[in-house]
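Worksheet: the structure to be examined is printed underneath.
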Amino acid sequence: MATNMNRVKSTNDLELKDRLVAVNRVTKVTKGGRTFSFSAIVVVGNENGIVGWGLGKAGEVTAAIAKGTEAAKKNLIKVPVLKGTIPHAQLAKFGGAQVLIQPASAGTGVKAGGAMRAVLESVGITDVLAKSKGSSNPHNLVKATMVALGELRDANTVAQNRGVSLDKVFNG
């Protein structure tokens, strides 16, 4: 999971763009008939290393999206992005969804499907190879992708955590 040191404290100075991942119509059957409501999963990011996701539920689609956006702004993490890609390959699982994200060379583009693509583009990654295994449920895919991004560490962080120099991280 995303560690507390990756959490973003303040959203005041960030320009966040939201992306709608999925809208689901939910039906509740009552004595008086069927009642419809909507749930929306939304991803927000500044396309410069900060991303978050949220789930909103309401009687109208627009209200559900607005609630999802507000929830996403409370759930932001910082992700290391190096030259448009990620520092290392990462495998993560949430529920039945399993995701693998790998760094790619410049010009590759975002090779990812649906829900994963929305998260990766929102964080500002331009070149990445991604594969989803197992469930294609957008909720679990977004959460698994967020777990994978939260576990990424750049070389400076690794060196700091180990208490060694940057050269020692790469040369053993």
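The values are calculated or read from the model by the stated rules, or taken from the named source; none is laboratory data. A quick note: this is a predicted structure, and the numbers were derived from the prediction, not measured. Cβ placement follows ideal geometry from the backbone for every residue including glycine, while neighbour counts extend to all protein chains displayed.
Hey, can you tell me all the residues within region 25-55 that are in contact with a Pro (Cβ under 9 Å, 6 or more places away or on another chain) and modelled with pLDDT of 95 or more? Step through it out loud before you land on a result.
Pass one, region 25-55, residues in contact with a Pro (Cβ under 9 Å, 6 or more places away or on another chain): 41, 49.
Across region 25-55, the qualifying residue is only 41.
Could you say whether any residue in region 82-90 is buried (at least 16 other Cβ atoms within 10 Å of the Cβ), out of contact with any Gly (no Cβ under 9 Å at 6 or more places or on another chain) and in a strand (DSSP E or B)?
Yes, region 82-90 has at least one match.
Each row is one residue, and each column tells you yes or no for (1) surrounded by fewer than 22 Cβ atoms within 10 Å (Cβ to Cβ); (2) among the basic types (Lys, Arg); (3) within 16 Å of residue 48 (Cβ to Cβ).
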site	(1), (2), (3)
69	yes, no, no
79	no, no, yes
96	yes, no, no
106	yes, no, no
109	yes, no, no
115	no, no, no
120	no, no, yes
127	yes, no, yes
134	yes, no, no
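Just to be sure I understand, how many residues within region 25-65 are exposed (fewer than 14 other Cβ atoms within 10 Å of the Cβ) and either β-branched (Val, Ile, Thr) or not in a loop (DSSP other than H, G, I, E, B) (or both)? Reasoning before the result, please.
Pass one, region 25-65, residues exposed (fewer than 14 other Cβ atoms within 10 Å of the Cβ): 25-36, 48, 59-60, 62.
Checking which are either β-branched (Val, Ile, Thr) or not in a loop (DSSP other than H, G, I, E, B) (or both) leaves us with 25-30, 33-36, 62.
The total comes to 11.
Within region 87-103, does at least one residue satisfy the condition of being at pLDDT below 90, of a type outside the set (Gly, Ala, Ser) and within 17 Å of residue 47 (Cα to Cα)? Spell out the reasoning first.
Taking region 87-103 and keeping what is at pLDDT below 90, we get 87-88.
The next check asks that each one be of a type outside the set (Gly, Ala, Ser); those that pass are 87-88.
With within 17 Å of residue 47 (Cα to Cα) added as a condition, the list becomes 87.
Taking every residue of region 87-103 in turn, at least one turns out to be at pLDDT below 90, of a type outside the set (Gly, Ala, Ser) and within 17 Å of residue 47 (Cα to Cα).
Might you check whether a residue that is outside the structural domain of residue 132 (by TED's automatic domain parsing), among the basic types (Lys, Arg) and in contact (Cβ under 8 Å) with a residue 12 or more places away in the chain occurs anywhere in region 95-118? Don't jump to the end; show me each part of the working.
Let us first name the residues in region 95-118 that are outside the structural domain of residue 132 (by TED's automatic domain parsing), namely none.
No, region 95-118 contains no residue that is outside the structural domain of residue 132 (by TED's automatic domain parsing), among the basic types (Lys, Arg) and in contact (Cβ under 8 Å) with a residue 12 or more places away in the chain.
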